[in-house]
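In what follows, a single structure is set out as structure tokens and then discussed.
Read the figures in this text as sums done on the coordinates, not as results from a lab. The structure displayed is predicted, hence computed values, not measured ones. Here the Cβ positions follow ideal geometry from the backbone for every residue, glycine too, while neighbour counts run over all protein chains shown.
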Ligand SMILES: Nc1ncnc2c1ncn2[C@@H]1O[C@H](COP(=O)(O)OP(=O)(O)OP(=O)(O)O)[C@@H](O)[C@H]1O
Ligand SMILES: [Mg+2]
């Protein structure tokens, strides 16, 4: 069960607006943890400060050592400045650790917030969104955005930010020695920075292309592995592996393209850094000759130069890392944060079901240019049990999707007890409809959890009763771990009929006033079906029911049967009436003597 705290957090999460811009995204997921963020930043700043002033102490030490008059005095100088130096190192190290401990809290919390918000957002997308995308690649995009944000913060907090600050402090230390060195160096660093920035910007599209290619490869891998059985049946292992190889090759090409640009940049920076060191030392030589600087100044400049040469070389690399992670986060956010296809209307109310009367008034709906319903009308009075018949592709499953508002319709309206389903909250609509879908959807969890999905707080007795009524209890008890058996991804460890019975038990537990059965018993043998029919009949009592079936015998006892053809009702009546009328239904019925095709 979920804790109260988790539930409140979930409620709050639905209202949060998630920025699409990576930097603003990182800010927004850090906001709830701002005290840790502030603490970590302050600690980092003080660490960098202590580190940057230590070359001064070296200068002081050298200056005073070269000027001492007696050994005793020299020892004293060494002792005092030595202690100051060690203390600075100690303060700096302690500050780094402090930023480590607070930063760890900030980053891990922000990462958790990012995951929670993105999964919360993506779970509100429509089925159409998911049918256009690979689930594996989507979960990767969320990981890229969430983990990428954490890594970006890490590289910022302990990478480029302190280094940049160190660089600026280093250049300002040069000012204490000589203005020309300082200004010259500053200009050089500025130019390197600008050139690096320009190159990094040029490289950005390549980084994005590389990230997209990476996630395509991962998506292809997941698609292949989830359908491995099909690829075996058709002996297409090589074909699939070649597809993977093609995607991997594409990824490699894109990687080389973006990587090479980075290597050239590093190469350039290394050269420039060496030239700068040479220039500064040459200039110091001139100053020393003029006796304008002392030994202490030379030590100071050398110490600072050592620090900032390293920084300049990696300036481009740091920007690269930054831009790469930025690209990954951006790509992830762009895919996930598209507007929801189906939103609750502002101030949408909850659906209140009293009689469970369903009306379809002039409903138009199509997929792209495939018109499935054209001015479709249907009234289902309260408590009526309707059988829906029609050839494959006639629109029966689509009928179920529209009733659940998994797509928005193009015209007309669907009413439940007089309330337009497009104007009530989606959750309240779906809470009132129990569906046994054409393809049972099982989680890779225990059978108990899969059944209890219809009622999360169901007791073991309730679960077993539902399973018994759905004719599932016996086969479950024969499984190695009974109700605790894991069913495999999408329920692969169960037979088609077993999955259907688990799905029926789940719908029974849900006990909603409207029941929809889409080929709910199609995978069962006739004996189990006869038994389940009894249970289903019991379940239907007092409910409005839409049952879809190709095997007409299962619909015989419905109050009414509707024959759907190309989105239009072509026949409507009881089983006996339709058989007597000699239409489409009668012909189908004749084909299926006793419910089976002859
Ligand atoms: N997600 C989708 N995107 C595009 N077209 C779709 C989608 N789902 C269904 N269709 C199309 O809509 C039409 C109706 O499909 P639907 O699944 O409702 O048929 P059905 O009556 O349930 O068929 P069956 O008896 O085979 O289950 C078909 O032409 C189908 O190709
Ligand atoms: Mg169907």
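Note the full-extension length gain between residue 406 and residue 566 as 0.36 nm times their separation in residues minus their Cα-Cα distance, in nm to one decimal.
This chain segment gains 55.6 nm when fully extended.
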Subject >> Percentage relative contact order, the range 358-595, counting C-alpha pairs under 8 Å, at least six apart >> reply: 26
Subject >> Gap separating the Cα centres of the range 311-364 and the range 513-588, nearest whole Å >> reply: 39
Subject >> Calculated diffusion of the range 358-595, Stokes-Einstein form, Kirkwood radius summed over Cα pairs, 25 °C and 0.890 mPa s, µm²/s >> reply: 133
Original post:
With each pseudo-label sitting 7 Å past Cα toward Cβ, what's the residue 292-residue 479 distance in nm, one decimal?
Top reply: 8.4
Original post:
Tell me, 265, 44 in order of fewest to most beta-carbon neighbours within 10 Å?
Top reply: 265, 44
**OP:** Return one number: the angle in degrees, 0 to 90 and rounded to the nearest 10, between the long axis of the Cα atoms of helix 237-289 and the longest principal axis of the Cα atoms of the chain.
**Re:** 20
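Over the chain, what is the relative contact order in percent, taking alpha-carbon pairs closer than 8 angstrom and at least six residues apart?
Working: 834 pairs, mean separation 81.3, N = 598.
Computed value for the chain: 14 percent relative contact order.
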Original post:
Can you sort 421, 38 so the residue with the fewest Cβ neighbours within 10 Å comes first?
Top reply: 38, 421
Original post:
Angle between the Cα long axis of helix 135-155 and the longest principal axis of the chain, 0 to 90 degrees, nearest 10?
Top reply: 20
Subject >> Normalised contact order of the range 464-598, rounded percent, pairs of Cα under 8 Å and 6 or more residues apart >> reply: 18
Subject >> DSSP beta bridges in the chain [antiparallel fraction, %, rounded to 5] >> reply: 50
Original post:
Working out 0.36 nm times the residue gap between residue 347 and residue 468, then minus their Cα-Cα distance, what length gain in nm do you get to one decimal?
Top reply: 39.4 nm
Subject >> residue 155 paired with residue 90, simple spin-label distance in nm, labels 7 Å along Cα-to-beta-carbon >> reply: 3.6
**OP:** Subtract the Cα-Cα distance of residue 226 and residue 191 from 0.36 nm times their separation in residues, and report this length gain in nm to one decimal.
**Re:** 7.4 nm
Original post:
Nearest 10 degrees, 0 to 90: what angle lies between the long axis of helix 179-226 and the longest principal axis of the chain (Cα atoms)?
Top reply: 20
Original post:
FRET efficiency for residue 83 and residue 105, Cβ-Cβ distance as r, R0 = 41 Å, nearest 0.05?
Top reply: 0.80
Original post:
In the calculated pair distance distribution of the chain, what percentage of Cα-Cα distances lie above 44 Å?
Top reply: 43
**OP:** Take the Cα pairs of the range 156-278, get the Kirkwood Rh, then feed it into Stokes-Einstein at 25 °C and 0.890 mPa s and tell me D in µm²/s.
**Re:** 134
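Taking R0 as 35 Å, what FRET efficiency do you get between residue 461 and residue 425 from their Cβ-Cβ distance, rounded to the nearest 0.05?
Given R0 = 35 Å and the Cβ-Cβ separation, E is 0.65.
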Original post:
Considering only the range 358-595, what is the antiparallel percent among its DSSP beta bridges, to the nearest 5?
Top reply: 55
Original post:
Say R0 is 56 Å: what FRET efficiency, to the nearest 0.05, do residue 382 and residue 236 get from their beta-carbon distance?
Top reply: 0.60
Subject >> Ranked list, fewest to most other Cβ atoms within 10 Å of each Cβ, for 531, 396 >> reply: 531, 396
Subject >> Pairs of Cα atoms farther than 35 Å apart, the range 20-336, % >> reply: 40
Subject >> Relative packing of peptides 116-129, 199-212 - highest average C-beta neighbours within 10 Å first >> reply: 199-212, 116-129
